[in-house]
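Visitor: Below: one structure in structure tokens.
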Amino acid sequence: MSRKNHPISRRTVLRGVGAMVGLPLLDAMTPAARAFGVDGNADDRPPVRMACLFWPNGCNPHTWTPEGHGRDFTLSPILQPMARHRDEILVLTHLSNQGTFTGDGHYVKDAAWLTGTTIHRTTGADLNSGGISIDQLAAQRIGLLTPLPSLELGVEPVTTGVDTNVGYTRLYGSHISWSTPTTPVAREINPRLAFDRLFRSEAGSRGAQDDDRSVLDLVAEDAKALRDRVGHEDRRKLDEYLDSVRAVETRIAFEASDRRARYRDDPEARADIEALGGRVDTYSHDPGRVRERSMDHSEHVALMLEILLLALRTDSTRIATFMFGNSVSNKNFSFLDGVSGGHHQLSHHENDEAKLAEYQVITTWHMEQCARLLDRMREIPEGEGTLLDNSMVLIGSALRDGNRHDPHNLPTVLAGRAGGTLSPGRHLIYGPDTPLCNLYVSMLDRVGAPVPRFADSTGPLEGLDNPEYQGRPYEESQRRGRRERS
Amino acid sequence: MENQRIDLDPPHLAFCLSNPPRPGAIGLMMMRSQMIRWIPALIVVGCLAVSPPARGDGFDLNVRPLLQKHCLNCHGGEKPRGGIDLAQFEDEEALREDPETWLMVIDALVERTMPPPGRRAGPNEDDRQRAATSIKAVLDAIEGVDDPGPSVIQRLTRRQYNNTIRDLLGVDSDPARNFPADGGGGGGFDNNASTLFIPPILMEKYLAAAGEVLDQADPDRFLVARPGGDLTAEEAARASIAAFARRAFRRPVGDEEVDRLMRLYRLADDRGDDFEEAVRLALRAVLVSPNFLYLVEQDRPEADDRSYRISDHELACRLSYFLWASMPDDELFALAESGTLSDPEVLDAQVRRMLDDPKARAMAEDFAGQWLRVGNLEDLADVDRRMFPEFTDTLREAMVEESIAYVHAIFRDDRSVLELIDSDYTYLNEMLAEHYGIDGVEGPEFRRVALEDRNRGGVLGMASVLTLTSYPRRTSPVLRGKWVLEELLSTPPPPPPPMVRALPADDRIRDGLTFRQRLEQHREDPNCASCHARLDPLGFGLENFDVLGRWREEISEEPVDASGILTTGEEFTGPAALKAILAETKRDLFVRNLSERMLSYALCRGVEYYDTPAVNRVIEDLEAEDYRGAALIAAVVRSFPFQHRRNETPEDRP
């Protein structure tokens, strides 16, 4: 009952990450493009952006995997919306998140999608994801180059309470971003608040910013004084408080900088920001349509993804996550033709053909929303290419077949060229249960936050930048698939 | 029912719990320490049928034989594996000496992590559950535990922030409306200290809200002195800032703290801001300070014991945030100042006074809203509005108000908490009365209404609960039964096996079978039978209430069959009879559950095994005082963990 055995402290973790990385912070701050040794003036090259888009409840396992492999593949039914981006995506087959093979069907999988760890089963007292998520790790390394270290968006409110079926706090299911193993990062789900925070919160005068800064300086002193007078757990809370004070200070400094103005004054970006502001206001100021909207949350999703897009485009941040829904989301998708129920309910299809078909329609809709984001990214010229060329967009779910809560062979797409360091247009089949974290090692490298290892990774994921790499043959994945099902 | 054992089929449990945890990147040492910390929570809300602590022969009968057969080969002898020697425990007394080891054993049993996979088969599901329940009963019987549990500094919830600003500045403008939602943690309440965070996005909002509310406030609320007469501007500022900080920090403030704040005043003063503006800048810092945003309780490095009594100021805070979800008022401050608040008689009188105050409604909203889950009806009710266009926002709000007003009255008017299960009154306005088919209630305001029909009265006759536990187009006896087991009795059933046949989405008659007949057919499947025998009858008893909680005599033109038999043998027909049975034979379970939940809400954390003595005391006090609502609150306030704080061991210090 004594508290001798403490979970790893935040400081230890941060130290641990530092040691693991083994790089001085200065190197970590080098813009991504330079890390890849591109010729010319590295500072003028657009930075590499990373977005991770999560959808809950898995997918119809029979209609996800493309036929064929390497460059010679045919998109599967669920991936049809990606047809117009066929040459800009990598479909990755047989990646798994080993840390999530245990535990319940959803929370363990989803909360650890980006951490690659095993979360702790708790009703709330000792929330612990077991690790930092890749977006937050990158934010801690390169986040200081932008006003916001990272951006977390979603559409469903945090689900509260305890799922007594499985003994996990539902809090886990509402978070994929973890800034420390014990700190889930809150998401913004309200389009107006998300938009205002990014594009309207500019403290008007220099005076107001100075005031904010003075207040923050003072409360940081308060927190430090208090820190010396409280116990271990409380100190952790105060460290979290101090981190947030620093993040806001950084942001205020950025808002005042010329570099910031350069991005925001770009006439095309300006026009898009204003147009989006109008859309957001219409959405927020039309209470009469609330009920109608609850029947069709396409516009909500579209607005959040557009906000994400503009945040990346204006270099407000280089790292973003988006959750289409929380764990076990039973969002009613009957606004889609051919669907008559809730998402989670239909994911338990019991191999009933009709339900599998409905399940498929829902996931296909998610792919369509992602494809629209890619459309927009492709429209935006940047350097010698487009925003999409300079980004990598991870699109995935933390389980495969929702009916079985299958954690193997996760549905995973990586879109974009990450500044020319990805060679998309391929379906790559890997060995069974290749660590998803190998992909994360490759992504962190490209975004400018290289790590030698991440969770259960065994190295970078093979062949991402090599156009000649074909992966394993399609037939092999089929044979394995049959074996898994039998 | 509560003592009925759950017969889980192994694939079902495997589905729920899957493979053993993998050490992963964290390392084994951490695994162990982590396990110890989270197992208690698992016991409280696990797959087990949690029953009142039984004492007696459980160890010899259910545990020792299992250990001998499956565990001692490795965890015994000269070199026990992992240093865990289970052979040394001879009897229950020995087991109580080392609760942490036995919590790990429970975990290994329930999570099926032992014996390690690949070895020979472990105990069957029945034996695992029986042994785990027995060990838990032994641990629950630990006497004289003096651990008040962890008390992590709690960040104000959104509701607490709003209420505190209201009482501090007289500004009631919902300044927290745009803050991110608070997640619910152990015990299911959103005031759980360990799940309340301050991410950067919230810090930005605190900064903005502090400016906003100070602009809205009447300066008389925060300027206790103005320059003039003998007072310099500096002196007046200092007096005002010190007085404000003292109220905002809910404790006396030190000179160095005021000095720090005065720097901001001078900064503004030097650049020519007027007096009021300059003071405001310092007050902004007060409202963003951790001393305001967290309910801070200070460490006592000099204390020798494992725990110590909290200060009167800290007690005033615990009380006011428990009962008002807000800061202490002047009277509480004064009593804390004089050091008399912790005097038992003074404390009892304060509880009484605070419950009489309209601010105590906050507890009903917060506690009952989250416990009964009706506070979130807007998000949780999944009514098909095309089929039920009468389910308007106004009706939904009225449904919630009935529940909140009812629970508030139990504590304010000091009525029996058993009336939560059954009573002859409720709170209605005209709209809801019409919904229920009750005449003579006019106007939009809620008032107490005597009921002639005993089918209403108590939470099970409330439209909020009945709507919450319905599917979009039909009622669900299963969901309603589950709600009773989980929320009222705290004996949740395990999750359904993965391959269950789904039931139709509405209650039309199909193939000549009513919906109830279909459900009963479902129960013939042995995989489903044992749990549904517990779930369904409770829901059948409420079948006279439709999706929106209205009375009905027919479903699809067939008479409603609202009869049921509980697994413990009681037979009944209809809600009134079911409620009477619950109030009589399930009273102890209900009272224990309510006491644990109230304690959890008051302590801002989940209830753990070391709280068992405190829970038992609360229950004893409650029984001795005829289950009166105010007596429950007073017993919680009197409890050891409410008045004490865990002392950190020296090695925790920097």
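Visitor: Could you grab the pairs with beta carbons closer than 6 Å, sequence gap of 6+ or different chains, first residue in the range B:388-406 and under 13 Å from B:Leu377 (Cα atoms) and touching a residue at least 60 places away in the same chain (Cβ under 8 Å), second one of a type in the set (Phe, Trp, Tyr) and surrounded by 17 or more Cβ atoms within 10 Å (Cβ to Cβ)?
Guide: Cβ pairs passing all conditions: B:Glu402/B:Tyr427.
Visitor: Does A:Ile142 meet the test of being within 19 Å of A:Ser257 (Cα to Cα), buried (at least 24 other Cβ atoms within 10 Å of the Cβ) and not small (Gly, Ala, Ser)? Working first, answer last.
Guide: Details: within 19 Å of A:Ser257 (Cα to Cα): yes; buried (at least 24 other Cβ atoms within 10 Å of the Cβ): yes; not small (Gly, Ala, Ser): yes.
Yes.
Visitor: Here's another thing I want to ask about it. How many residues does the range A:142-176 contain that are under 19 Å from A:Asp104 (Cα atoms), in a loop (DSSP other than H, G, I, E, B) and more than 9 Å from chain B (Cβ to nearest Cβ)?
Guide: Of the residues in that region, 1 qualify.
Visitor: Which of the following residues is more than 9 Å from every other protein chain (Cβ to nearest Cβ) and among the charged types (D, E, K, R): A:Glu249, A:Glu221, A:Glu188, A:Glu233?
Guide: Working: A:Glu221 fails: more than 9 Å from every other protein chain (Cβ to nearest Cβ); A:Glu188 fails: more than 9 Å from every other protein chain (Cβ to nearest Cβ); A:Glu233 fails: more than 9 Å from every other protein chain (Cβ to nearest Cβ).
Exactly one of A:Glu249, A:Glu221, A:Glu188, A:Glu233 is more than 9 Å from every other protein chain (Cβ to nearest Cβ) and among the charged types (D, E, K, R), namely A:Glu249.
Visitor: Only one of (1) facing chain B (nearest Cβ under 10 Å); (2) surrounded by 24 or more Cβ atoms within 10 Å (Cβ to Cβ); (3) of a type outside the set (Ser, Thr, Tyr) is not met by A:Ala208, so which one is it?
Guide: Failed condition: (2).
Visitor: Further question on the same structure: For the range B:619-644, what are the residues that are surrounded by 22 or more Cβ atoms within 10 Å (Cβ to Cβ) and among the acidic types (Asp, Glu)?
Guide: none
Visitor: Here's something else I'd like to know. Looking only at the range B:57-70, decide whether some residue is modelled with pLDDT of 75 or more and within 14 Å of chain A (Cβ to nearest Cβ).
Guide: If we filter the range B:57-70 for residues that are modelled with pLDDT of 75 or more, which is where we start, we get B:58-70.
Okay, now just the ones that are also within 14 Å of chain A (Cβ to nearest Cβ), so none.
No: the range B:57-70 contains no residue that is modelled with pLDDT of 75 or more and within 14 Å of chain A (Cβ to nearest Cβ).
Visitor: For the range A:76-106, give me each residue that is within 14 Å of chain B (Cβ to nearest Cβ) and not in a strand (DSSP E or B). Steps first, answer last, please.
Guide: Initially, the range A:76-106 is screened for residues within 14 Å of chain B (Cβ to nearest Cβ), giving A:96-106.
Of everything in the range A:76-106, those that are within 14 Å of chain B (Cβ to nearest Cβ) and not in a strand (DSSP E or B) turn out to be A:Asn97, A:Gln98, A:Gly99, A:Thr100, A:Phe101, A:Gly103, A:Asp104, A:Gly105, A:His106.
Visitor: Please work out if A:Thr100 is surrounded by 22 or more Cβ atoms within 10 Å (Cβ to Cβ), without any contact (Cβ under 8 Å) to a residue 24 or more places away in the chain and farther than 26 Å from A:Ile189 by Cα.
Guide: Values: surrounded by 22 or more Cβ atoms within 10 Å (Cβ to Cβ): yes; without any contact (Cβ under 8 Å) to a residue 24 or more places away in the chain: no; farther than 26 Å from A:Ile189 by Cα: yes.
So A:Thr100 does not fit the description; no.
Visitor: Also: All but one of (1) closer than 22 Å to A:Asn57 by Cβ; (2) at pLDDT 90 or above hold for A:Glu188; state the number of the condition that does not hold.
Guide: (1)
Visitor: Hey, another quick one. Within the range B:293-305, work out how many residues are modelled with pLDDT under 85 and more than 8 Å from chain A (Cβ to nearest Cβ).
Guide: 6
Visitor: Give the range A:113-130 a look and list any residue that's in contact with a strand residue (DSSP E or B) (Cβ under 8 Å, 6 or more places away or on another chain) and at the interface with another protein chain (Cβ under 7 Å from one of its Cβ atoms), or say none.
Guide: A:Thr118, A:Arg121, A:Thr122, A:Thr123, A:Gly124, A:Leu127
Visitor: In the range B:396-406, is there at least one residue being within 21 Å of the chain's Cα centre (by Cα), among the basic types (Lys, Arg) and surrounded by fewer than 22 Cβ atoms within 10 Å (Cβ to Cβ)?
Guide: Among the residues of the range B:396-406, not one is within 21 Å of the chain's Cα centre (by Cα), among the basic types (Lys, Arg) and surrounded by fewer than 22 Cβ atoms within 10 Å (Cβ to Cβ), which makes the answer no.
Visitor: What number of residues within the range B:201-240 are touching a Gly at 6+ places or on another chain (Cβ under 6 Å) and within 14 Å of chain A (Cβ to nearest Cβ)?
Guide: 0
Visitor: Residues A:Asp337, A:Asp389: which one is free of Cβ contacts under 8 Å to residues at least 40 places away in the same chain, surrounded by 19 or more Cβ atoms within 10 Å (Cβ to Cβ), in a loop (DSSP other than H, G, I, E, B) and out of contact with any Pro (no Cβ under 8 Å at 6 or more places or on another chain)? Can you show your working first?
Guide: Details: A:Asp337 fails: surrounded by 19 or more Cβ atoms within 10 Å (Cβ to Cβ).
Result: A:Asp389 is the single residue among A:Asp337, A:Asp389 that is free of Cβ contacts under 8 Å to residues at least 40 places away in the same chain, surrounded by 19 or more Cβ atoms within 10 Å (Cβ to Cβ), in a loop (DSSP other than H, G, I, E, B) and out of contact with any Pro (no Cβ under 8 Å at 6 or more places or on another chain).
Visitor: Can you find a residue that is within 21 Å of the chain's Cα centre (by Cα), at pLDDT 85 or above and within 14 Å of chain A (Cβ to nearest Cβ) anywhere in the range B:158-177?
Guide: yes
Visitor: Something else now. Which of the following residues is closer than 19 Å to B:Ala635 by Cβ and in contact with a Leu (Cβ under 8 Å, 6 or more places away or on another chain): B:Val383, B:Val346, B:Val400? Step through it out loud before you land on a result.
Guide: On the way: B:Val383 fails: closer than 19 Å to B:Ala635 by Cβ; B:Val400 fails: closer than 19 Å to B:Ala635 by Cβ.
After applying the criteria, what remains is B:Val346.
The rows are residues; the columns are (1) more than 14 Å from chain A (Cβ to nearest Cβ); (2) at pLDDT below 95.
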site: B:His435; (1), (2): yes, no
site: B:Arg448; (1), (2): yes, no
site: B:Val459; (1), (2): yes, no
site: B:Thr467; (1), (2): yes, no
site: B:Pro472; (1), (2): no, yes
site: B:Val478; (1), (2): no, yes
site: B:Pro495; (1), (2): no, yes
site: B:Leu503; (1), (2): no, yes
site: B:Asp511; (1), (2): yes, yes
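Visitor: Test of understanding: among A:Phe195, A:Phe199, which residue is of a type outside the set (Asp, Glu) and surrounded by fewer than 24 Cβ atoms within 10 Å (Cβ to Cβ)?
Guide: Working: A:Phe195 fails: surrounded by fewer than 24 Cβ atoms within 10 Å (Cβ to Cβ).
Unique residue meeting the criteria: A:Phe199.
Visitor: Mind checking which pairs have a first residue in the range A:345-365 that is within 11 Å of another protein chain (Cβ to nearest Cβ) and a second that is in a helix (DSSP H, G or I) and hydroxyl-bearing (Ser, Thr, Tyr), Cβ under 6 Å, 6 or more apart or different chains?
Guide: Close Cβ pairs satisfying both conditions: A:Leu346/A:Tyr359; A:His349/A:Tyr359.
Visitor: Of the numbered conditions (1) crowded, with 20+ Cβ neighbours inside 10 Å; (2) more than 7 Å from chain B (Cβ to nearest Cβ); (3) in contact with a Lys or Arg (Cβ under 6 Å, 6 or more places away or on another chain), A:Arg227 satisfies every one except a single condition; which is it?
Guide: (1)
Visitor: Considering only the range A:138-165, state which residues are under 12 Å from the mean Cα position of the chain (by Cα) and not small (Gly, Ala, Ser).
Guide: Hits for the range A:138-165 are A:Leu151, A:Glu152, A:Leu153.
Visitor: State the number of residues belonging to the range A:444-468 that are surrounded by 14 or more Cβ atoms within 10 Å (Cβ to Cβ), more than 16 Å from A:Val48 (Cα to Cα) and in contact with a strand residue (DSSP E or B) (Cβ under 7 Å, 6 or more places away or on another chain).
Guide: Number of matching residues: 3.
Visitor: Do the conditions hold for B:Arg415, that is, is it within 23 Å of B:Gly461 (Cβ to Cβ), within 13 Å of chain A (Cβ to nearest Cβ) and touching a Gly at 6+ places or on another chain (Cβ under 9 Å)? Show your work before the answer.
Guide: Working: within 23 Å of B:Gly461 (Cβ to Cβ): yes; within 13 Å of chain A (Cβ to nearest Cβ): no; touching a Gly at 6+ places or on another chain (Cβ under 9 Å): yes.
No; evaluated as a whole, the condition is false for this residue.
Visitor: Of all residues in the range B:270-292, count the ones that are in a helix (DSSP H, G or I) and either in contact with a Lys or Arg (Cβ under 6 Å, 6 or more places away or on another chain) or within 8 Å of chain A (Cβ to nearest Cβ) (or both). Can you show your working first?
Guide: Looking only at the range B:270-292, we keep the residues that are in a helix (DSSP H, G or I), and these are B:270, B:275-288, B:290-292.
Add one more test, that the residue is either in contact with a Lys or Arg (Cβ under 6 Å, 6 or more places away or on another chain) or within 8 Å of chain A (Cβ to nearest Cβ) (or both), and what stays is B:281, B:284-285, B:288, B:290-291.
The qualifying residues number 6.
Visitor: If you go through the range A:158-178 one residue at a time, do you hit one that is of a type in the set (Gly, Ala, Ser) and surrounded by fewer than 24 Cβ atoms within 10 Å (Cβ to Cβ)? Talk me through it step by step, then tell me what you get.
Guide: Quick first cut of the range A:158-178, residues of a type in the set (Gly, Ala, Ser) only: A:161, A:167, A:173-174, A:177.
Adding the requirement that they be surrounded by fewer than 24 Cβ atoms within 10 Å (Cβ to Cβ) leaves A:161.
The answer is yes; a qualifying residue exists.
The values are calculated or read from the model by the stated rules, or taken from the named source; none is laboratory data. Computed from a predicted structure; not experimentally measured. Cβ sites come from the backbone with ideal geometry, for glycine too, and all protein chains shown count toward neighbours.
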